[in-house]
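Engineer: Attaching a single structure in structure tokens format; questions to follow.
The values are calculated or read from the model by the stated rules, or taken from the named source; none is laboratory data. For clarity, every value in this text was computed on a predicted model and none was experimentally measured. As a convention, Cβ positions derive from the backbone with ideal geometry for all residues, glycine included, and neighbour counts pool all protein chains shown. When the accessible area is computed, the model is the full protein with side chains, heavy atoms only, and any ligands, DNA or RNA have been set aside. Shrake-Rupley method; radii C 1.70, N 1.55, O 1.52, S 1.80 Å.
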Amino acid sequence: MSQDGVCKLNGHPSENGGAMKTRPLLNRRLDGLGTTIFAEMSALATATGAINLGQGFPDTDGPESVREAAVRALRDGRGNQYPPGPGVPELRQAIADHQHRFYGLSLDPDTEVLVTTGATEAIAATMLALLEPGDEVIAFEPFYDSYAACIAMAGAQRVPLTLRAPDFRPDLDELRALITPRTRLLLLNTPHNPTGTVLAPDELSGIAALAVEHDLLVVTDEVYEHLVFTGAHHPIAALPGMRERTVSISSSGKTFSYTGWKIGWVTGDAPLVAAVRAAKQYLTFVSGGPFQYAIAEALALPDAFFTGFREDMRRKRDLLAEGLRTAGFRVYEPEGTYFITTDISPFGDEDAYTFCRALPERCGVAAVPNSVFYDDPEAGRSQVRFTFCKRDDVLRDAVERLARLG
Ligand SMILES: Cc1ncc(COP(=O)(O)O)c(C=O)c1O
């Protein structure tokens, strides 16, 4: 954004006149959504040589056996040409098996599972499929940034349900009060990025009861389902009355540490999945053919992989949380995800965005301001997010650098 609040993309009218002079290039639905904060802060980290604890991607690859499975698929010519639109049967079956193994959910892999280009495409296709212009979508704020963009692209309105520090729990009375005749769906994210909140069974039942009472759809983003340190992950789709109204979204990127492969998926009742498929087929049709076979193998890894991954991340969380506390941050310990939200008030009155712009120069670490994930930036004015999905030596180095802030 330029200082007058106009997206930079709109700032260069054509010299030959005509409509270009008066009409911004970027359509008004996307006004203000020009560059994601992750791109901005990652570019800053690269330019300054800072350790990037801003964007959530691991600095080591996932299991070797999974990478080998992708190589094998490439060599064997599996998935090198357009795979089936809904995803290769092996992966759809593996996703169905995973949902049954971990949550007791039974899904028909042919009609109730759809493979997407990461959770990102799943979110976009779901919003484009299920929303009419003018519909309202209630979503937790701070929002993962693609929610706002996808709701906007569908012409719908986002309505924030604010998760407030220090606990970041949803207030169900507040949720009830936000529901209007125009509310079409509730967009959940558990475990929640950036706060680390994991919805508890009573919160999920309360939300489910409201969805049933008001006949709302529920879309739930569960990409951090295997990164829960306190309690357990409970999919809302498993609750009574929810199956027929819930679209569940997940992805291989976070669980198997291959974020670049962009293999995600949607599960739900056949009519919901068919609706999402209708939109998805015109976005990418298909992608990641050989990777789909590899992720099918990854989903069948033994329990030891999933517990080992979680315990490793728990140790990293504790390492970074301790370092942040020692450096002077107030730390909100996450129940899940690989992010820690902190409060920077102990360092003065600077807002989170200004703090994050200066952080790489000040101490050689990049982070992301939570304020950009709120409709009302004041609500997250002093919150900064750090990721801990990095090697131990990188985290130790970051902690030493952060200690210089004092
Ligand atoms: C909450 C949430 N949803 C979705 C995504 C995107 O997932 P994918 O990389 O599979 O598109 C992310 C990535 O950071 C995320 O944090």
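Engineer: Let me spell out the model: positive unit charges on the Cβ of Lys and Arg, negative unit charges on the Cβ of Asp and Glu, origin at the Cα centre of the chain. What dipole size does that give, in debye rounded to 20?
Structural biologist: 880 debye
Engineer: OK, next. So, R0 is 45 Å and r is the distance between the beta-carbons of Leu74 and Glu350; what FRET efficiency does that work out to, to 0.05?
Structural biologist: With a Förster radius of 45 Å, E is 0.40.
Engineer: Round to the nearest 0.05 the FRET efficiency obtained for Asp167 and Asp393 when R0 = 35 Å and r is the Cβ-Cβ distance.
Structural biologist: 0.60
Engineer: Would you kindly derive the ³J(HN,Hα) couplings of segment 77-88 from the backbone phi angles with the Karplus curve 6.51 cos²θ - 1.76 cosθ + 1.60 (θ = phi - 60°), listing them in order in whole Hz, with x for Gly and Pro?
Structural biologist: Working through the residues one at a time gives x, 9, x, 6, 10, 2, x, x, x, x, x, 5 Hz.
Engineer: How would the chain be classified by its alpha-carbon gyration tensor: rounded, prolate or oblate, with rounded meaning a/c under 1.5 and the a/b versus b/c comparison settling the rest?
Structural biologist: rounded
Engineer: If you roll a 1.4 Å probe over the heavy atoms of the protein chains, what accessible area per residue do you get for the chain, in Å²?
Structural biologist: Per residue, the chain has an accessible area of 42 Å².
Engineer: Taking segment 64-302 on its own, what percent of its Cα-Cα pair distances exceed 35 Å?
Structural biologist: 10 percent
Engineer: Continuing with this model, one more query. Compare the Cα positions of Ala403, Gly231, Ile51 along the charge dipole of the chain (+1 at Cβ of Lys, Arg; -1 at Cβ of Asp, Glu; about the Cα centre) and return the one farthest towards the positive end.
Structural biologist: Comparing the listed Cα positions along the dipole, Ile51 ranks first.
Engineer: Below 8 Å between Cα atoms, with a sequence gap of 6+, how large is the relative contact order for the chain in percent?
Structural biologist: 23 percent
Engineer: Express the Stokes-Einstein translational diffusion coefficient of segment 293-406 in µm² s⁻¹, to the nearest whole number, given a Kirkwood radius over alpha-carbon pairs, 37 °C and a viscosity of 0.692 mPa s.
Structural biologist: For these conditions, the coefficient is 216 µm²/s.
Engineer: About its Cα centre, what dipole magnitude does segment 64-302 give when the only charges are +1 on Lys and Arg Cβ and -1 on Asp and Glu Cβ, stated in debye to the nearest 20? Working shown, then result.
Structural biologist: Details: 18 positive and 28 negative charges, 124 e Å.
Using Cβ point charges on Lys, Arg, Asp and Glu, segment 64-302 gives about 600 debye.
Engineer: Further question on the same structure: Provide the gained length on full extension for the span Ala304 to Arg325, in nm with one decimal, where the gain is 0.36 nm per separating residue minus the Cα-Cα distance.
Structural biologist: Extending this stretch completely gives an extra 4.4 nm.
Engineer: If you roll a 1.4 Å probe over the chain with all protein chains in place, what percent of the accessible area is carbon or sulfur?
Structural biologist: 52 percent
Engineer: Which shape class, rounded, prolate or oblate, goes with segment 26-92 when its Cα gyration tensor gives a ≥ b ≥ c as root eigenvalues, a/c under 1.5 marks rounded, and past that a/b bigger than b/c marks prolate?
Structural biologist: oblate
Engineer: Can you compute 3J(HN,Hα) from phi for each residue in segment 386-403, using the Karplus curve 6.51 cos²θ - 1.76 cosθ + 1.60 with θ = phi - 60°, rounded to whole Hz and x for Gly and Pro?
Structural biologist: Running phi through 6.51 cos²θ - 1.76 cosθ + 1.60 with θ = phi - 60° gives 10, 9, 10, 8, 10, 4, 4, 5, 5, 5, 5, 4, 4, 4, 4, 5, 5, 4 Hz.
Engineer: In segment 64-302, what % of DSSP beta bridges are antiparallel (nearest 5)?
Structural biologist: Counting DSSP beta bridges with both partners in segment 64-302, the antiparallel share is about 30 percent.
Engineer: Please work out the C-alpha center-to-center distance from segment 179-235 to segment 131-172 and express it in whole Å.
Structural biologist: 12 Å
Engineer: List the residues, sorted by chain then number, that are 5 or more residues from Ser251 or on another chain and whose placed amide H is less than 5 Å from its amide H.
Structural biologist: Trp265
Engineer: Separation of segment 328-406 and segment 38-87 by C-alpha centroid, Å?
Structural biologist: 25 Å
Engineer: Which of Leu301, Thr36, Gln157 sits farthest toward the positive end of the charge dipole of the chain, with +1 on the Cβ of Lys and Arg and -1 on the Cβ of Asp and Glu?
Structural biologist: Thr36
Engineer: Output wanted: per-residue J couplings in Hz (rounded whole) for segment 273-289, from phi through Karplus 6.51 cos²θ - 1.76 cosθ + 1.60, θ = phi - 60°, x for Gly and Pro.
Structural biologist: 5, 5, 5, 5, 4, 4, 6, 4, 5, 9, 8, 10, 6, 8, 6, x, x
Engineer: Between Val115, Leu178, Gly77, whose Cα lies farthest towards the positive end of the dipole of segment 64-302 when Lys and Arg beta carbons carry +1 and Asp and Glu beta carbons carry -1, centred on the Cα centre?
Structural biologist: Toward the positive end, the furthest listed residue is Gly77.
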